[in-house]
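The structure under discussion appears below in the form of structure tokens.
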Amino acid sequence: MAAPVLSSTPIIFSSWFCPFAQRVLIAANAKKPAAHFAVHELSFQELFTSKPQWLLDLNPEGLVPFMAWKSDSSTSSSSSSSWDTQAAIAAAGAAAAGPGAVVVRESLVCNEYLEDKFSDPPLLPSDPVGRAAARLLTHRVSNEFVTAFIRVLKDQRDTQSVQGAAAARLDDEITWLMSRMSSRGPLALSDQLSLVDCAVAPHLVRLYILRHYADYRYKGPAAARLRQYCRALKAHPAVAATLVHPEGLDYREELLKVYAHYGVSLVFNHRAPLW
């Protein structure tokens, strides 16, 4: 596929099967109509077989998700600010696409950018303490829940005791997360979608994959809340819009095929392209 032409409209570089790219698509969908963006779908082959040079030029890691657009005055430091925005961008390795281009990488960073750029509808509480608490939940999801999810899939061929330990850890993480859910619900913080939901939804909607390949079923005390939460996530328009295959094929069945390749044939690690 030809290299995309950058403009002032941000492009979200994504792959339909990547849970981390799905995080960004959910947040971006939630920000419509205020957020204007395009989506560039990278194929399985482009990510894993023959990475095009334009992809590596934009993102040397060759991973999704990331966002890219032509820079404008909003990315430059204003005369009234003591912050050197361009220096910060360069130091973070966020901009590497050539003159006048900005690249934002990592799913949670992309979502924070979307929240900062487009205030309506908000995906974080309005008060500082609530925002901090939401970020702590998101941090726990990314560092503990996702790790436990991957471990269950990775350990499916290991000893029964190792498999049991992995499943127990995921049970504990789901129980902990459900115990922190808002009592007003049905979503994480209220009846409104939040960045916490964006972070956790892609892996929760993939629990059926663990059931299929690792015979995993949640055995904790929060099953009713988990079912309610998953139903609410899948029903939300911003999430539902991401549960589709780009060629109109059966999303769940095609996702199972992807995880058959990466979950059974290969060994997972955190820097594997799928993750």
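Here VAL103 passes the criteria (1) assigned by TED's automatic domain parsing to the domain that holds ALA30; (2) surrounded by 19 or more Cβ atoms within 10 Å (Cβ to Cβ); (3) at pLDDT 95 or above except the one numbered (3).
For the criterion of being outside any helix (DSSP H, G or I), of a type in the set (Gly, Ala, Ser), under 19 Å from ILE26 (Cβ atoms) and modelled with pLDDT of 95 or more, ALA188 passes. Limited to the stretch 101-119, what total is found for residues that are out of contact with any strand residue (DSSP E or B) (no Cβ under 7 Å at 6 or more places or on another chain), of a type in the set (A, V, I, L, M, F, W, C) and either touching a residue at least 40 places away in the same chain (Cβ under 8 Å) or more than 18 Å from VAL141 (Cα to Cα) (or both)? Qualifying residue count, the stretch 101-119: 3.
Table: residues versus (1) within 20 Å of the chain's Cα centre (by Cα); (2) among the small types (Gly, Ala, Ser); (3) at pLDDT 95 or above.
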{"residue": "ALA134", "(1), (2), (3)": "yes, yes, yes"}
{"residue": "LEU137", "(1), (2), (3)": "yes, no, yes"}
{"residue": "VAL141", "(1), (2), (3)": "yes, no, yes"}
{"residue": "VAL146", "(1), (2), (3)": "yes, no, yes"}
{"residue": "THR159", "(1), (2), (3)": "no, no, no"}
{"residue": "ALA165", "(1), (2), (3)": "no, yes, no"}
{"residue": "LEU170", "(1), (2), (3)": "yes, no, yes"}
{"residue": "THR175", "(1), (2), (3)": "no, no, yes"}
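The single condition among (1) at pLDDT below 95; (2) part of a helix (DSSP H, G or I); (3) not aromatic (Phe, Trp, Tyr) that SER8 does not meet is (2). For first residues located in the stretch 55-68 and among the aromatic types (Phe, Trp, Tyr), partners that are in a strand (DSSP E or B) and lie 6+ apart or on another chain with Cβ distances below 7 Å form the pairs PHE66/PHE13; PHE66/VAL103; PHE66/VAL104; PHE66/ARG105.
Could you tell me whether LEU204 is without any contact (Cβ under 8 Å) to a residue 60 or more places away in the chain, in contact with a Leu (Cβ under 7 Å, 6 or more places away or on another chain), in the same structural domain as ASP155 (by TED's automatic domain parsing) and of a type in the set (A, V, I, L, M, F, W, C)? The answer is yes for LEU204.
When ARG184, ARG217 are screened for being within 25 Å of ALA260 (Cβ to Cβ) and of a type in the set (Lys, Arg), only ARG217 passes. Would it be correct to say that LEU233 is modelled with pLDDT of 95 or more and either part of a loop (DSSP other than H, G, I, E, B) or not small (Gly, Ala, Ser) (or both)? Judged against the criteria, LEU233 is a match.
The values are calculated or read from the model by the stated rules, or taken from the named source; none is laboratory data. Source: prediction; values computed, not measured. Counting neighbours? That spans all protein chains shown, and the Cβs are built from the backbone with ideal geometry, glycine included.
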